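Quick note: the coordinates plus some simple rules give every number you see, no bench work behind them. Only a predicted model underlies this, so the values are computations on that prediction, with no experimental measurement involved. Positions of Cβ are backbone-derived with ideal geometry, glycine not excepted, and every protein chain shown enters the neighbour counts.
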Amino acid sequence: MLISKKTGLFTPIRLGSLELPNRIIMSPLTRLRATPDCVPTLLMAEYYTQRATAGLIITEGTHPSLMGRGYTTSPGLHNKEQVAGWRKVTDAVHAAGGRIFVQLMHAGRVTHSSLLPNCARPIAPSAIPVVSEQVRIWDGKVPFETPRPLELDEIPLIVEEYRRSAELSIEAGFDGVELHAATGYLPNQFQVTGSNHRTDAYGGTLENRTRFTLEVVEALCSVRGADRVGVKIAPGFTVNDTFDDDPAETYIYVAKALNPFKLAYLHVGYERGYTRGTAPNFNPIDLLRSVYQGTLLAVGGFDRQQGDEAIRSGRADAIVFGRSFISNPDLVERLRLDVPLTEADLSTFYGGSEFGYTDYPNYLSK
Ligand SMILES: Cc1cc2nc3c(=O)[nH]c(=O)nc-3n(C[C@H](O)[C@H](O)[C@H](O)COP(=O)(O)O)c2cc1C
């Protein structure tokens, strides 16, 4: 059955400065196929280009500095080799008619000294390690280390790293940047009470815990313009020991604080179908829809019908798809035709070669 043009997912939308032909967004997905020096490869260019029919591609988490690296072969965006590697990706996606944002992800404490320059101790708001999970390094999983709390005068330097990375995103050809402020990475570590025990201007009150996120957003907007900046949050996710005394209050505050920026979008994660922690007792998308005044992207276990419904009912402006984009390069076409999706193979999610990466077939070529 063909879906009528009136259905939500296929209605074009303006996202900041971009016109998207549909509301089917490719989620940021860490796939660990960069080089050991964190340089994007031609295989990555092929992978993203295969998915260029998405309304917008948001890349995998990409570190703005080597201290922000969280994984072995995740890409960075802080030196000229990485810019050149990404340029091949963005050129290929654009040539195929697509649009692509880079997701800037500073891991903070969610990393290991063996991945950091001079085996430095990971950094974080406070000296509180992740204890309920382990970190994957070159030869398997090991416990997380206790991070070094950031000195007050170091924090502007990290904001500056993000700013510099946003500048490089222009050279690399990206249409915009998304700040990863979700699932326990550095901005989120500042936001929540479980990982932030600071007593200075970056801890304690909601205003102080949100300060770092807002300073980074300000820096990104100063480089790219707010209409080319998005922010991802995932209220209630407890992955990476992301605990907060009152998550609803915290994220309502964060969403409201983002209103004045008039960003391209706020990207809100929902646990449905992707639970590694305890499910929240609220639906973050509905919680934030009424307080966030701009464009809202929703992610988390959506299928075609749920996505259409969320858009039609006004609960979200566009839908972000993660795992279904891994195994369906032509997801947009499959949703349009309403044909079955290929299941993703978990064993090839992280690292490896083209297998389970660029070899998923298109429906029409099967
Ligand atoms: C293999 C894998 C890697 C992921 N990497 C990232 C990432 O780098 N950045 C991020 O914000 N979310 C990441 N996520 C979360 C997804 O972007 C998405 O929010 C989640 O999978 C829920 O959407 P889905 O139910 O459509 O898969 C990842 C998820 C998976 C399965």
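Report the extension gain between E46 and E167 in nm, rounded to one decimal, defined as 0.36 nm multiplied by the number of residues separating them, less their alpha carbon distance. Please report the intermediate quantities before stating the final value.
On the way: separation 121, 0.36 × 121 = 43.56 nm, distance 2.44 nm.
Extra length available between E46 and E167 comes to 41.1 nm.
Total Lys pairs in region 8-365 closer than 30 Å by alpha-carbon, pairs eight or more apart in sequence or interchain only? Please report the intermediate quantities before stating the final value.
On the way: K80/K88; K80/K232; K88/K232; K141/K232; K232/K256; K232/K262.
Here the count comes out as 6.
Amide H of I57: which non-local residues (sequence gap of 5 or more, or other chain) have their own amide H closer than 5 Å, using H built in the peptide plane?
So I57 has HN proximity to M26, R99, I100, F101.
Using amide H atoms built in the peptide plane, which far-off residues or other-chain residues are under 5 Å from A124 H to H?
Amide H neighbours of A124, under 5 Å, 5+ apart: R148, L150.
At a 10 Å Cβ-Cβ cut-off, how would you order C221, C119, fewest neighbours first?
Listed from fewest to most nearby Cβ atoms, that is C119, C221.
Output ³J(HN,Hα) for region 106-113: one whole-Hz value per residue in order, computed from phi by the Karplus curve 6.51 cos²θ - 1.76 cosθ + 1.60 with θ = phi - 60°, and x for Gly and Pro.
For region 106-113, the Karplus-derived couplings read 9, 6, x, 7, 8, 7, 9, 4 Hz, x marking Gly and Pro.
Picking from L29, T199, P187, whose Cα lies most toward the positive end of the charge dipole for the chain (charges on Cβ: Lys, Arg +1; Asp, Glu -1)?
Among L29, T199, P187, the one farthest towards the positive end of the dipole of the chain is L29.
In nm, to one decimal, how far is the modelled label at D345 from the one at S313, with both set 7 Å along Cα→Cβ?
3.7 nm
In region 1-75, what chymotrypsin sites (Phe, Trp or Tyr not before Pro) fall in a loop by DSSP, with at most 15 other Cβ atoms inside 10 Å?
When the chymotrypsin sites (Phe, Trp or Tyr not before Pro) of region 1-75 are filtered for loop state and at most 15 Cβ neighbours within 10 Å, nothing remains.
Could you go through region 114-127 in sequence order and give the Karplus-derived ³J(HN,Hα) for each residue, using 6.51 cos²θ - 1.76 cosθ + 1.60 with θ = phi - 60°, rounded to whole Hz, and x for Gly and Pro?
Using θ = phi - 60°, the values come out as 5, 9, 10, x, 6, 6, 5, 5, x, 10, 6, x, 9, 7 Hz.
Can you sort R109, R211, R228 from fewest to most other Cβ atoms within 10 Å of each residue's own Cβ?
With the fewest neighbours first, R109, R211, R228 line up as R211, R228, R109.
Could you give each residue of region 314-320 its phi-based ³J(HN,Hα) in whole Hz, using Karplus coefficients 6.51, -1.76, 1.60 with θ = phi - 60°, and x for Gly or Pro?
With the stated coefficients, region 314-320 comes to x, 6, 8, 8, 8, 10, 9 Hz.
Expressed as an acute angle from 0 to 90° and rounded to the nearest 10, what is the orientation of the C-alpha long axis of helix 155-171 relative to the principal long axis of the chain?
Roughly 30 degrees, rounded to the nearest 10.
Once amide H atoms are placed 1.01 Å from N in the peptide plane, what residues at a sequence separation of 5 or more from V135, or on another chain, have their amide H within under 5 Å of its amide H?
Answer set, sorted by chain and number: V142, F144.
What's the angle, to the nearest 10 degrees (0 to 90), between helix 247-258's Cα axis and the longest principal axis of the chain?
Once rounded, the angle reads 80 degrees.
What is the sum of charges, Lys and Arg at +1 and Asp and Glu at -1, for the other residues whose Cβ falls under 12 Å from the Cβ of E145?
+3
Where both residues lie in the chain, what percent of DSSP beta bridges are antiparallel, nearest 5? Walk me through the intermediate numbers first.
On the way: 7 of 38 bridges.
Bridges in the chain are about 20 percent antiparallel.
Could you list the GluC sites (Glu not before Pro) in region 113-171 that lie in coil according to DSSP, counting only those with at most 14 other Cβ atoms within 10 Å of their Cβ? Spell out each step's value before the answer.
Details: sites: E133, E145, E151, E154, E160, E161, E167, E171; in loops: E133, E145, E151.
Passing sites in region 113-171 are E151.
Along the Cα→Cβ direction, 7 angstrom out, place labels at E218 and T205. What is the inter-label distance in nm?
With each label point 7 Å from Cα toward Cβ, the separation is 1.5 nm.
Which of E218, E178 has the fewest other C-beta atoms within 10 Å, and how do the rest follow up to the most?
Starting with the residue having the fewest Cβ neighbours, the order is E218, E178.
Roughly how many nanometres apart are two label points built 7 Å out from the Cα toward the Cβ at N362 and R87?
2.9 nm
If one takes the longest principal axis of the Cα atoms in the chain, at what angle in degrees, from 0 to 90 and to the nearest 10, does the Cα axis of helix 80-95 lie?
That works out to roughly 20 degrees.
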